[in-house]
């Protein structure tokens, strides 16, 4: 059997030098990265922060982190033909007590808000008294807060939206009634666009007195005819984040 070669006195292995050199290389790379991160341009960081701060809250929250209330609303909107059966539930989810303006009693909201089924989806109907002062097209503070409650729903639902204005044929059957109904729809659209909703999802209509909900001449019903309808066309396409 051959004998192992004996090392000469004072002879040592140089293998440890390879490992040591690798370790030193890794340490150098680590410290270079630390240095580059510590000197990163603060302007770039500021721009990145501003970009995310202005993004849609729904888009930032991501799958699984969308508020439960919004998820429940979207589930109901996916089946618009059952809206009539679940209308009370949907109204409570769209405008829960904690988001209602203090100036607006829940009973007044009930009388002036409708949620209706539509062949293309679901319609949220808001009468004049919830959004505008009589005869004007400028949103009042209560109306803005109600639209604020709808904004995250529109962010979450990937559907086209039509906003239509309507007037009362009993008291507003004039040329100005058509213009006013369109200007009211445009005011609602403008408010949604300020919330960074994509404009290509919206369309506008001003029907004036041509499409009343009630035609019996009753003053209360006439007030309900003066309204804005927000149609979410959920039967065509809807977000699949759930």
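Just one of the numbered conditions (1) touching a strand residue (DSSP E or B) at 6+ places or on another chain (Cβ under 9 Å); (2) at pLDDT 90 or above; (3) surrounded by fewer than 20 Cβ atoms within 10 Å (Cβ to Cβ) is not true of residue 172: (2). Tell me, which residue of the range 47-74 that is surrounded by fewer than 10 Cβ atoms within 10 Å (Cβ to Cβ) and farther than 21 Å from residue 197 by Cβ is modelled with the lowest pLDDT? It comes out as 64.
Under the condition of being surrounded by fewer than 15 Cβ atoms within 10 Å (Cβ to Cβ) and either part of a loop (DSSP other than H, G, I, E, B) or without any contact (Cβ under 8 Å) to a residue 40 or more places away in the chain (or both), the residues counted in the range 138-150 number 1. Within the range 98-110, is there a residue that is under 16 Å from residue 73 (Cβ atoms) and assigned to a helix (DSSP H, G or I)? The answer is yes; a qualifying residue exists.
Is it the case that some residue within the range 151-168 is surrounded by fewer than 21 Cβ atoms within 10 Å (Cβ to Cβ), more than 29 Å from residue 69 (Cβ to Cβ) and at pLDDT below 95? Within the range 151-168, not a single residue is surrounded by fewer than 21 Cβ atoms within 10 Å (Cβ to Cβ), more than 29 Å from residue 69 (Cβ to Cβ) and at pLDDT below 95. Assess whether residue 114 counts as being touching a helix residue (DSSP H, G or I) at 6+ places or on another chain (Cβ under 9 Å), surrounded by fewer than 19 Cβ atoms within 10 Å (Cβ to Cβ) and part of a loop (DSSP other than H, G, I, E, B). Considered against the rule, which asks whether it is touching a helix residue (DSSP H, G or I) at 6+ places or on another chain (Cβ under 9 Å), surrounded by fewer than 19 Cβ atoms within 10 Å (Cβ to Cβ) and part of a loop (DSSP other than H, G, I, E, B), residue 114 comes out as no.
The values are calculated or read from the model by the stated rules, or taken from the named source; none is laboratory data. Just so it is clear, the model here is predicted, and its values are computed rather than measured. Note: ideal-geometry Cβ built from the backbone for every residue, glycine included; neighbour counts use all protein chains shown.
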